[in-house]
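Each value in this text was obtained by applying a stated rule to the coordinates, not by laboratory testing. Quick caveat, the model's predicted, so the values are computed rather than measured. Every residue, glycine among them, receives a Cβ derived from its backbone with ideal geometry; neighbour counts consider all protein chains shown.
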Amino acid sequence: MTQYAENTIELTQEDGVANITLIREKQRNALNIQMIKALIGIGEQLKVTPGLRAVVIRGQGEDFCAGIDTAMLTSMESAQVVMGELLKPLDGQPGSLVQHVCLIWRLLDIPVIAMLKGNVFGAGLQLALGADLRFAAPNTRVSLMEGRWGLIPDMGITQTGLGMIRSDLLHEMTWTARLVEAEEAQQGGLITRVDDDPETALAEFLKQISQRQPHVIAAAKQMYRLSPHLSPSEALALEQSLQEQMLAVLMKAMAKQQ
């Protein structure tokens with residue numbers, strides 16, 4: 001077990017699964033700058049960790065994450081410093097610090113699952129949207145809260161939300177900042193599945209992917225991540241190229257069996 005960012009994030013690894021837990025229960029796991037930087041560092045670490053088959057992100061206590069920690073924004077001066085750091089472009093990466101903390105999970109070759117419960121607001125929802133899958137308890141409530149503060153969602157949602165969330169719901173949530181219950185969120189594309197026992201559902205999913213070839217999972221994730229940013233002909237070429245790689249591995253394995 002390793003803890004990061006002044007003991008507000010915990011990382012454990014067991015049976016090929018990396019478990020990331022936000023451990024600021026009293027603050028409803030709200031994110032501060034230290035946590036955002038630590039999450040990016042953990043993502044970079046896991047990208048090169050051998051033998052992993054999945055990453056799971058959780059929140060301690062009753063909530064997944066209630067958003068950005070507003071305690072960082074208690075004065076005009078502190079708000080300017082914090083926002084300047086969060087919005088500063090990153091060297092060698094597209095986007096800003098606050099965008100990369102959501103997008104880095106898409107760069108991993110393995111499934112990333114966000115386990116949602118309770119409040120999943122603002123930055124918490126955008127972090128969850130950066131995962132490949134979102135399993136939710138029935139008491140989950142999601143919201144794009146930024147509009148309440150005169151802001152728009154800006155943590156990579158143009159890459160994570162567009163095309164996945166039903167467009168009319170995405171507009172409405174952004175404009176109204178209303179709370180959306182789990183069932184409606186699932187219907188609108190924000191949540192993968194709602195389950196009375198999401199941990200059991202997670203265990204079953206992990207069991208299923210353990211029976212699949214890691215290179216196939218990685219190739220599919222790459223194909224679905226890159227294709228929306230390509231022209232139709234480029235996307236089809238990528239699809240064919242990756243399939244040719246899969247076939248080469250398959251033929252090699254079949255030849256060894258003969």
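Between Q187, Q211, Q99, the residue with the greatest mean-square fluctuation in the GNM of the chain (Cα pairs under 10 Å linked by springs) is Q211.
Residues whose amide H comes within less than 5 Å of that of V56, counting only those at least five positions distant or on another chain, are A18, N19, I20, I113 (H built at 1.01 Å from N in the peptide plane). Can you compute the label reach from Q13? Point 7 Å from Cα along the Cβ direction, backbone N cut-off under 20 Å, restricted to the stretch 33-75. Within reach of a label on Q13, which here means backbone N under 20 Å from a point 7 Å along Cα→Cβ, the stretch 33-75 contributes 38-58.
Across the options Q211, G189, P228, the greatest Cα extent toward the positive end of the charge dipole of the stretch 182-258 (unit charges at beta carbon of Lys, Arg, Asp, Glu) belongs to Q211. Under 17 Å from a label point set 7 Å out along the Cα-to-Cβ vector of H229, the amide N atoms of the stretch 24-49 belong to 44.
Note on the stretch 104-241: Kirkwood radius taken over Cα pairs, Stokes-Einstein applied at 20 °C and 1.002 mPa s, translational D equal to 134 µm² s⁻¹. Listed by chain and number, the lysines whose C-alpha is less than 20 Å from the C-alpha of K88, apart from same-chain residues fewer than 8 away, are K37.
For the stretch 214-257, treating each Cα as an identical point scatterer without solvent, what Debye log10 I(q)/I(0) comes out at q = 0.24, 0.27, 0.29, 0.30 1/Å? Treating every Cα as an identical point scatterer, log10 I(q)/I(0) equals -0.79, -0.91, -0.98, -1.02. In this structure the amide hydrogen of L116, modeled in the peptide plane, comes within under 5 Å of the amide hydrogens of F135, A136, A137, none closer than 5 places in sequence on its chain.
Starting from the eigenvalues of the Cα gyration tensor, five times each then square-rooted, give me the equivalent ellipsoid semi-axes of the stretch 118-186, largest first, whole Å. Working shown, then result.
Values: eigenvalues 54, 39, 26 Å².
Taking √(5λ) for each Cα gyration eigenvalue gives 16, 14, 11 Å.
Scaling against 2.2 N^0.38 Å puts the C-alpha radius of gyration of the stretch 175-258 at 1.57.
So which chymotrypsin sites (Phe, Trp or Tyr not before Pro) in the stretch 174-258 pass both tests, a DSSP loop state and at most 14 other Cβ atoms within 10 Å of the Cβ? Write out the running numbers ahead of the final one.
On the way: sites: W175, F205, Y224; in loops: none.
Taking the stretch 174-258 and a limit of 14 other Cβ atoms within 10 Å, no loop chymotrypsin sites (Phe, Trp or Tyr not before Pro) are found.
As a rough footprinting exposure proxy, the listed residues M155, M72 were ranked by other beta carbons within 10 Å of their own, and the order from fewest upward is M72, M155.
Order the peptides 236-248, 2-14 from the highest to the lowest mean number of other Cβ atoms within 10 Å of their residues. Numbers along the way, then the final one.
Working: 236-248: 12.4, 2-14: 15.2.
In decreasing order of mean packing, 236-248, 2-14 become 2-14, 236-248.
Close amide H partners of I68, meaning residues 5 or more places away or on another chain with modelled amide H under 5 Å apart, are L31, A123, G124.
What Kirkwood hydrodynamic radius do you get for the stretch 2-209 when you take the inverse of the mean 1/r over all pairs of distinct Cα atoms, in Å? One over the average 1/r among Cα pairs gives 17.1 Å for the stretch 2-209.
Which value at 222 nm does the chain reach when only helices count, each DSSP H run of 4 or more adding -39,500 (n - 2.57), with the total divided by all residues and rounded to the nearest 500 deg cm²/dmol?
Numbers: 10 runs with 111 residues, N = 258.
Taken over the chain, the calculation gives -13000 deg cm²/dmol.
Distance between the C-alpha centres of the stretch 79-111 and the stretch 206-250: 25 Å, rounded to the whole angstrom.
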